[in-house]
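Shown next, in structure tokens, is the structure this report addresses.
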Amino acid sequence: MVVEILKSFGLSEYEAKALLALLSKGVLTAKEISEIAKIPRTSVYDVMNSLISKGLVEAFGKPLKFKALSSEEIINLLSKKVEKNLEILKRELPKVEEEVEEVKVYRNEVVVEKLKDLVMNSSDIVALITFIPSWLADVLNESKAKKVIISSNPEVVNSSKTYRLWKDFNISHGLLIFDDRIVIFVFMNDEKIGILSEGYGVVQFSKMLIDSLLEVIKC
């Protein structure tokens with residue numbers, strides 16, 4: 001139960017288990033954390049480095065040892081993060097409401113043509129797509145833009161920074177952000193549908209969602 005709650009604050013399962021091991025045992029080596037928390041040895045240093053970067057764990061000594069903040073300090077730190085995120089939502093969500101009327105809807109081949117136009121005229125593309133179909137991979141591969149691809153099959157896009165989602169999907173939904181100013185939400189099963197917005201709030205909210213997801217994927 002505690003592991004699931006910690007995961008809701010952006011920790012991975014391994015991070016949550018490692019943190020609990022440190023809270024219960026005090027100071028531990030990477031090997032001890034691996035054994036107690038049941039984390040693969042090949043992953044334990046990445047997990048600890050991520051916890052250190054989040055400010056939840058300290059490292060010291062030779063051989064290297066790890067110590068978690070106190071439970072009170074951890075709660076305070078996570079509370080501040082929640083408060084910060086709520087402030088962002090308070091600021092950005094009203095902007096999204098104000099910009100609802102600014103969206104444009106495209107269907108079927110019109111979506112494909114619109115995506116081709118956006119891809120070829122953008123220098124920076126961020127795509128979060130559950131599964132990239134071959135036609136969309138072809139469109140993205142035509143571009144020389146800087147690309148960040150998050151998907152269950154990111155390898156189909158060349159010359160890009162890729163992140164793999166933790167499960168395979170048989171549906172193709174997601175969003176693409178172009179030059180931090182245009183976002184298009186795509187639904188690509190039996191019928192292709194694209195919902196485009198240039199609204200600042202919509203774009204910023206989409207970026208925040210992707211940044212939050214990347215924090216989890218990188219852990």
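Worth pointing out:
- Subset of region 1-49 that is of a type in the set (S, T, N, Q), over 18 Å from the mean Cα position of the chain (by Cα) and surrounded by 14 or more Cβ atoms within 10 Å (Cβ to Cβ) - its residue that is farthest from Leu69 (Cα to Cα): Ser43
- Residues of region 186-203 that are touching a helix residue (DSSP H, G or I) at 6+ places or on another chain (Cβ under 8 Å) and either among the hydroxyl-bearing types (Ser, Thr, Tyr) or crowded, with 18+ Cβ neighbours inside 10 Å (or both): Val186, Met188, Lys192, Gly194, Leu196, Ser197, Gly199, Tyr200, Gly201, Val202.
- Residues of region 158-196 that are within 23 Å of Lys146 (Cα to Cα), out of contact with any Pro (no Cβ under 9 Å at 6 or more places or on another chain), in contact (Cβ under 8 Å) with a residue 24 or more places away in the chain and of a type in the set (A, V, I, L, M, F, W, C): Leu175, Leu176, Ile177, Phe178, Ile182, Ile184, Val186, Ile195, Leu196.
- Residue within region 155-166 that is more than 19 Å from the chain's Cα centre (by Cα) and open to solvent by 60 Å² or more (accessible area, probe 1.4 Å) present: yes
- Counting only strands (runs of 3 or more DSSP E) that sit wholly inside region 137-219, those with at least 3 residues that are not hydrophobic (A, V, I, L, M, F, W, C) are 146-151, 161-164, 192-197.
- Against the numbered list (1) open to solvent by 80 Å² or more (accessible area, probe 1.4 Å); (2) among the hydroxyl-bearing types (Ser, Thr, Tyr); (3) out of contact with any Cys (no Cβ under 9 Å at 6 or more places or on another chain), Tyr106 comes up short only at (1).
The values are calculated or read from the model by the stated rules, or taken from the named source; none is laboratory data. Please read all numbers here as calculations on a predicted model, not as lab measurements. Please note: Cβ atoms are built from the backbone with ideal geometry, for glycine as well, and neighbour counts cover all protein chains shown. Remember, those area values only see protein heavy atoms, side chains included, never the ligands or the DNA or RNA. Shrake-Rupley method; radii C 1.70, N 1.55, O 1.52, S 1.80 Å.
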